[in-house]
Every structure is written in structure tokens, then in C-alpha cells.
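Working notes for the structure below.
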Amino acid sequence: MVGANGRRVVMLGAPGSGKGTQAEQLAQRLGIPAISTGEMLRSAVEEETALGHRVSDVMARGELVSDELMAEVVRDRLAQPDARAGFVLDGYPRTEPQADTLDRILSDQGVELDHVIFLDVPERELMERALARQRADDLAEILEERLRVYTGKTAPLIERYGSRSLIRHIDGNRPVAAVAEELSRLFS
Ligand code: AMP
């Protein structure tokens with residue numbers, strides 16, 4: 001059990017693991033915002049903001065936006081009043097330097113991370129889900145790049161948070177409702 005105060009949550013998982021869906025459902029249940037960096041960047045691209053112009057090519061290739069730029073985006077977002085009581089972060093951190101930045105942002109706020117949820121889904125299942133979903137950046141070769149980036153840069157964070165005893169491994173290879181129910185029980 002996480003307890004009523006454990007509301008600063010990071011959702012880790014590969015592209016297509018269902019972390020966005022679960023982050024939203026969990027956040028709604030806990031009454032805190034789901035913060036998806038991917039969604040924030042996609043909106044910026046759609047709205048053609050300065051940020052959108054800087055990230056659109058990188059995103060289209062399935063690569064990562066720079067740690068420096070992401071630090072600004074996340075620091076600003078976590079400073080918003082709605083995030084002060086907690087958040088479910090989806091898509092950040094994705095690299096070791098981003099995890100360092102998140103620690104720094106939270107310690108500057110006088111708080112710390114309470115929980116990291118790792119949604120574990122086998123790679124074969126990820127490919128199948130992505131092909132069914134067909135988002136623009138889910139085209140097969142872009143997806144392969146996204147998975148490669150995930151394996152090389154993001155997956156090592158599982159160990160980092162594991163060594164701080166923050167992480168919960170959740171079997172993500174089940175129907176959405178079954179995963180949501182397990183997460184709900186964790187936070188009850
Ligand atoms: P997502 O919806 O989380 O898969 O993110 C979509 C795309 O946005 C990624 O493939 C990256 O290009 C970019 N992105 C989202 N979050 C981050 C992040 N934390 N660091 C770098 N790039 C990111």
C-alpha cells in the first residue's frame with residue numbers, strides 16, 4: 001500500500017505499454033493531474049508554438065527531445081498549482097539525466113518522489129499493439145527506433161529506482177481494466 005500521502009508517481013514503461021491510459025485513470029482516481037510529456041509536446045506541435053517548432057522533427061523520427069529542453073518543460077509544469085499535491089508523470093523521466101533533474105526539481109520544492117510504477121509488457125506484444133494503434137510515429141521503423149531508445153536509455157531507470165525501493169513491477173500484459181484494478185488497490 002502506498003498511503004494517502006504517496007501521490008508523486010512516475011509511470012515507466014515502453015511505448016505501447018499502456019502507461020498513458022493507466023496514468024490517466026490512476027490520476028483521475030487520486031484527484032491529481034496526469035502529466036504526459038508526449039501529450040504536452042504533441043499539443044505544442046499542433047499549436048505551432050515555439051516549443052513545437054523545436055521538437056517536431058525529433059519527435060517525427062522517434063528520437064528523444066534534449067534533456068535540457070525537457071527540464072524546462074517539466075520544471076514549469078510541476079510548478080503549476082494543480083501539481084503541488086501530487087501527479088502521475090507519464091513519459092518523464094526517460095534518461096538518467098532526466099531522472100537527476102526530476103530529483104532536483106522535487107527537492108527544490110521540498111518534496112520527493114513517492115512511487116514508480118513499471119508496466120511490464122513483452123516486446124512482441126508491444127509491436128502488435130503499436131501496429132493496431134497506428135499513430136503517425138508508430139510506423140514500423142519509427143516504432144523500432146522508439147523501442148531502441150527505450151531499451152538503451154529508459155529501461156536502465158528501472159534499476160535506478162529499484163535500488164531506491166521506489167518501484168513496483170506491474171504485469172502490463174493484461175486487459176486495461178485488470179491493470180487499472182491492481183493499481184487502484186496499490187493506492188487504496
Ligand atoms: P510519448 O507519447 O511519451 O511516447 O512521447 C512521444 C515523443 O515525444 C517521444 O518519442 C519523444 O520524441 C518525445 N518525448 C516525450 N517525452 C519525452 C522525454 N521525457 N524526453 C525526451 N523526449 C520526449
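The values are calculated or read from the model by the stated rules, or taken from the named source; none is laboratory data. Predicted model, so just to flag it, every value in this text is computed and none were measured. Positions of Cβ are generated from backbone atoms using ideal geometry, with glycine treated the same way; all protein chains shown enter the neighbour counts.
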If you check ALA99, ALA83, ALA60, which single one turns out to be crowded, with 19+ Cβ neighbours inside 10 Å and of a type in the set (A, V, I, L, M)? ALA99
Condition first: within 21 Å of GLU24 (Cα to Cα), out of contact with any helix residue (DSSP H, G or I) (no Cβ under 9 Å at 6 or more places or on another chain), of a type in the set (Asp, Glu) and modelled with pLDDT of 95 or more. Can you find one or more residues in the stretch 45-56 that meet it? no
Filter the stretch 114-137 down to the residues that are free of Cβ contacts under 8 Å to residues at least 24 places away in the same chain and either within 10 Å of the ligand (Cβ to nearest atom) or within 15 Å of ARG75 (Cβ to Cβ) (or both) and list them by number. ARG135
Criterion first (farther than 15 Å from LEU102 by Cβ and within 11 Å of the ligand (Cβ to nearest atom)) does MET59 satisfy it? yes
Could you list, in sequence order, the residues of the stretch 1-21 that are at pLDDT 95 or above and more than 13 Å from the ligand (Cβ to nearest atom)? ARG8, VAL9
Can you tell me how many residues within the stretch 138-188 are within 22 Å of ASP100 (Cα to Cα), part of a loop (DSSP other than H, G, I, E, B) and under 16 Å from the mean Cα position of the chain (by Cα)? 2
Among the listed residues LEU12, LEU41, LEU64, LEU30, which satisfies the condition of being in contact (Cβ under 8 Å) with a residue 24 or more places away in the chain, aliphatic (A, V, I, L, M) and over 22 Å from ASP100 (Cβ atoms)? LEU30
Expected single match for within 15 Å of the ligand (Cβ to nearest atom) and either in contact with a Cys (Cβ under 9 Å, 6 or more places away or on another chain) or of a type outside the set (S, T, N, Q) (or both) among VAL73, VAL111 is VAL73
Looking only at the stretch 102-126, which residues are surrounded by 17 or more Cβ atoms within 10 Å (Cβ to Cβ) and closer than 16 Å to ARG146 by Cβ? LEU119, VAL121, LEU126
Hey, among the residues in the stretch 27-49 that are hydrophobic (A, V, I, L, M, F, W, C) and within 16 Å of the ligand (Cβ to nearest atom), which one's farthest from ARG84 (Cα to Cα)? VAL45
